[in-house]
Amino acid sequence: QVQLVESGGGLVQAGGSLRLSCAASGSIFSIATMGWYRQGPGKQRELVAAITSGGSTNYADSVKGRFTISRDNAKNTMYLQMNSLKPEDTAVYYCNMLFGILTYWGQGTQVTVSS
């Protein structure tokens, strides 16, 4: 059974930085595609960034150049480095694991960016 636990959220001023972490249990982390999603107030959940098992990445246009996704397969952990944060980045950020038809979600971590 896979469990995903996010950490690193919090309150930050606009222009600041945060690093989110997603720790995964189980044995498929290294061969799964991992992603960060977010859901802002009154908005639908959206993909922020994803990284394949081979290290290929893709980003939402709104975060390109500001956010960096990475993974450490030895630690079963994925990261999201968020720089130059904006108030519109305020959301609950969720970790996602995708492996074939299987998908798993973390419980989410709140990121609040004040202006």
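The values are calculated or read from the model by the stated rules, or taken from the named source; none is laboratory data. Everything numeric here is computed off the predicted structure, so don't read it as measured data. Don't worry about glycine lacking a Cβ; one is built from the backbone with ideal geometry, like all the others, and counts go over all protein chains shown. Each accessible area value is taken on the protein alone, full model and side chains, heavy atoms only, with ligands, DNA and RNA left out. Shrake-Rupley method; radii C 1.70, N 1.55, O 1.52, S 1.80 Å.
A few comments on the model shown:
- Annotation note: Cβ proximity below 8 Å between a residue of the range 96-115 that is of a type in the set (D, E, K, R) and a residue that is assigned to a loop (DSSP other than H, G, I, E, B) (sequence gap 6+ or interchain) occurs for no pair.
For every residue, the table says whether it meets (1) part of a loop (DSSP other than H, G, I, E, B); (2) under 16 Å from Leu98 (Cα atoms).
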site: Gly16; (1), (2): yes, no
site: Ser30; (1), (2): no, yes
site: Trp36; (1), (2): no, yes
site: Gln44; (1), (2): yes, no
site: Gly55; (1), (2): yes, yes
site: Asn58; (1), (2): no, yes
site: Met78; (1), (2): no, yes
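- Residues that are open to solvent by 70 Å² or more (accessible area, probe 1.4 Å) and touching a strand residue (DSSP E or B) at 6+ places or on another chain (Cβ under 8 Å) were ranked within the range 8-40; the one that is farthest from Val113 (Cα to Cα) is Ile31.
- Residues located in the range 84-103, provided they are of a type in the set (Phe, Trp, Tyr) and either open to solvent by 50 Å² or more (accessible area, probe 1.4 Å) or not in a strand (DSSP E or B) (or both): Phe99
- Residue in the range 64-75 that is surrounded by 17 or more Cβ atoms within 10 Å (Cβ to Cβ) and acidic (Asp, Glu) present: no
- Scanning the range 6-51 for residues that are polar (S, T, N, Q) and under 13 Å from the mean Cα position of the chain (by Cα) yields a count of 4.
- Listed conditions (1) at pLDDT below 95; (2) touching a Leu at 6+ places or on another chain (Cβ under 9 Å) are all met by Pro41, apart from (2).
- Contact map, the range 68-85: residues that are on the phi > 0 side of the Ramachandran plot paired with residues that are surrounded by fewer than 19 Cβ atoms within 10 Å (Cβ to Cβ) and among the charged types (D, E, K, R), Cβ distance under 7 Å, separation 6+ or inter-chain. Pairs shown: Ser84/Arg66.
- Scanning the range 23-67 for residues that are basic (Lys, Arg) and either touching an Asp or Glu at 6+ places or on another chain (Cβ under 6 Å) or in contact (Cβ under 8 Å) with a residue 12 or more places away in the chain (or both) turns up Arg38, Lys43, Arg45, Arg66.
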